[in-house]
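> Dropping a structure here in structure tokens format, bear with me for questions.
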């Protein structure tokens, strides 16, 4: 199976919270990452979490990690139209590779 | 520069031609990565450099693909005899130290390659 899996689409109303989920397979991952990709742009590092943490909060972003279930989530509070983008979850495989999920396309509507 | 710089941003080429894609990593970053993003696909790892050597080139799809890095800085990805299936966005990333497990990757904006 895939090393990193994400749902492909999420649609939310402006002002609501968005939750993007991700599962991974490599239990030895030390850091787990969230990247954001806007149209025509590269990937922007949003945030990352160390595997000995359960939660990390950074302004409107909250990352939750359930290491037992190998489940990672990204919550965006008070979602704005500028948050519309593709969000990628990424986990290291071995020492050198970062494996990405297929990306979740977030659409924010009024 | 402040970030990873890639050139050209767009490249259209005829099938069978060779192309070179360039990446300037963030100054001081020792590790450099190439990924490919095809339409509707996720990111596919191609090759990784530590300094000028490539310990992991397992993701290069065929022997038409090669990459080099000189001076521990600039990298060039070369695709020979391009095919239509090579059409994709080629993304370069760099990280401060070796090891994707302890050093975040910072990406450039990519080169969009279209093979006609």
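The values are calculated or read from the model by the stated rules, or taken from the named source; none is laboratory data. Computed from a predicted structure; not experimentally measured. In this analysis, Cβ positions are derived from the backbone assuming ideal geometry, glycine residues included, and neighbour counts consider all displayed protein chains.
> Step by step: first the residues of the stretch B:19-40, then only those that are farther than 16 Å from residue B:70 by Cβ and either within 11 Å of chain A (Cβ to nearest Cβ) or touching a strand residue (DSSP E or B) at 6+ places or on another chain (Cβ under 6 Å) (or both), then the one that is surrounded by the fewest Cβ atoms within 10 Å (Cβ to Cβ). Which residue is that?
It comes out as B:40.
> Now for a different question. Right, residue B:16: more than 14 Å from chain A (Cβ to nearest Cβ), over 10 Å from the mean Cα position of the chain (by Cα), at pLDDT below 90 and surrounded by fewer than 18 Cβ atoms within 10 Å (Cβ to Cβ) or not?
no
> Limited to the stretch A:54-76, what total is found for residues that are touching a residue at least 12 places away in the same chain (Cβ under 8 Å) and surrounded by 14 or more Cβ atoms within 10 Å (Cβ to Cβ)?
Number satisfying all stated conditions: 12.
> What is the number of the single condition among (1) closer than 30 Å to residue B:9 by Cα; (2) within 15 Å of the chain's Cα centre (by Cα) that residue A:42 does not meet?
(2)
> Which members of the stretch A:38-52 meet the condition of being more than 8 Å from chain B (Cβ to nearest Cβ) and within 19 Å of residue A:20 (Cα to Cα)? Working first, answer last.
Residues of the stretch A:38-52 more than 8 Å from chain B (Cβ to nearest Cβ): A:38-39, A:46-47, A:49-52.
Within the stretch A:38-52, A:38, A:39, A:46, A:47, A:49, A:50, A:51 qualify.
> Go through (1) within 13 Å of chain A (Cβ to nearest Cβ); (2) without any contact (Cβ under 8 Å) to a residue 24 or more places away in the chain; (3) closer than 18 Å to residue B:5 by Cα and name the single condition residue B:71 misses.
(1)
> Further, regarding this structure: Any chance the stretch A:71-88 includes a residue that's at pLDDT below 90, assigned to a strand (DSSP E or B), in contact with a strand residue (DSSP E or B) (Cβ under 8 Å, 6 or more places away or on another chain) and within 21 Å of residue B:105 (Cβ to Cβ)?
no
> Can you go through B:60, B:77 and tell me which one is surrounded by 14 or more Cβ atoms within 10 Å (Cβ to Cβ), modelled with pLDDT of 90 or more, in a loop (DSSP other than H, G, I, E, B) and more than 8 Å from chain A (Cβ to nearest Cβ)?
Values: B:77 fails: in a loop (DSSP other than H, G, I, E, B).
Matching residue, one of B:60, B:77: B:60.
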